[in-house]
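Since the structure comes first, as structure tokens, the remarks are kept for the end.
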């Protein structure tokens, strides 16, 4: 290691002790680790180009977190507020499937059938992931589920086999056809 790299590591370490809370887990995900490194390198006085090449991030990301590092919000690198909203994971889909297959009354609600809006609200409260009711409907459709009932009266009628005879349509025709048969 070069002397400059060793000094850089020492500087990073001293900044780390100032910024990172003591109860921080050692296992940082990649996004948070990169944010932290950008904030630290910016505090060390590195340029945007130096940070981008060292961290492997875009200029926009480096610029954003460099600006944050110069404000009182430098500790917000841990928050997930920047970027695309949280994505739906397997746990969310499992909970969604479970909710749809059970009555809302099982969960303390007064209504009898789930709506996408209520599913979204309930899951946001339970899992902390907020998505629109339209996205809930999209997910349900992908899973082959719906907030509507499994069968409707129209579907039940269409599955029954029915036979229609002429007498059912116009009973008077039956008596005419019988009298015509007698005359022949």
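The values are calculated or read from the model by the stated rules, or taken from the named source; none is laboratory data. Predicted model, so just to flag it, every value in this text is computed and none were measured. For neighbour counting, all protein chains shown are included, and Cβ atoms are generated from backbone atoms with ideal geometry for every residue, glycine included.
Between 110, 103, the distinction of being over 11 Å from the mean Cα position of the chain (by Cα), exposed (fewer than 12 other Cβ atoms within 10 Å of the Cβ) and modelled with pLDDT of 90 or more belongs to 110 only.
Residues in the range 127-156 that are modelled with pLDDT under 90, touching a helix residue (DSSP H, G or I) at 6+ places or on another chain (Cβ under 7 Å) and within 20 Å of residue 102 (Cα to Cα): 127, 146, 147. Within the range 28-44, one or more residues are at negative phi and at pLDDT below 70. On inspection, residue 87 fails the criterion of being more than 15 Å from the chain's Cα centre (by Cα), modelled with pLDDT under 90 and within 30 Å of residue 133 (Cα to Cα).
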